[in-house]
Amino acid sequence: MDKIAAANLEARIELAQFRSKRTSEFLSRFPEMETSPDEALPTIGWEQLERQLRSLAGPDSERASWEMEVLRVSARTNPPEMFFRDLLTLAWSLIDGVRPPQSAEGAMD
């Protein structure tokens, strides 16, 4: 294994550890709760969600598309409440015109 491959592997391991730790910390602060069907959110598709984020982003609409891809990938492994927190943070950042914080859990209250 050459140096670049070793560095890439190490970076991927660190990222996996970071994501795992982030999820564990989130769940320790916000344990999963049961929701009844009448409390469920309305169904919405990824295309609809992206369309709304692009609209909110205004001139930064291109960023909304690639941020949406990141969000979509993380939704496969994150708890639903964590996904929605990340979605709200992204929407806020697109409206405000700033990048979302990488580790928002430090201020989860």
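The values are calculated or read from the model by the stated rules, or taken from the named source; none is laboratory data. Not measured: the values here are computed from a predicted model. Neighbour counts are summed over all protein chains in view; Cβ atoms, including those assigned to glycine, are modelled from backbone coordinates with ideal geometry.
Some points to look at:
- For the stretch 42-61, the tally of residues that are acidic (D, E) and either within 18 Å of R72 (Cα to Cα) or exposed (fewer than 14 other Cβ atoms within 10 Å of the Cβ) (or both) stands at 2.
- The stretch 62-83, subset of a type in the set (A, V, I, L, M, F, W, C) and farther than 30 Å from S28 by Cβ, residue surrounded by the most Cβ atoms within 10 Å (Cβ to Cβ): A64
- Scan of the stretch 85-96 for residues that are under 14 Å from Q52 (Cβ atoms) and under 10 Å from the mean Cα position of the chain (by Cα), ordered by number: L87, L88, L90
- Residue within the stretch 8-24 that is over 25 Å from R72 (Cβ atoms), free of Cβ contacts under 8 Å to residues at least 60 places away in the same chain and exposed (fewer than 10 other Cβ atoms within 10 Å of the Cβ) present: no
- Among (1) in a helix (DSSP H, G or I); (2) modelled with pLDDT under 90, the one test that W92 misses: (2)
- Test for R54: is it touching a Ser or Thr at 6+ places or on another chain (Cβ under 7 Å), under 17 Å from D86 (Cα atoms) and either free of Cβ contacts under 8 Å to residues at least 12 places away in the same chain or not aromatic (F, W, Y) (or both): yes
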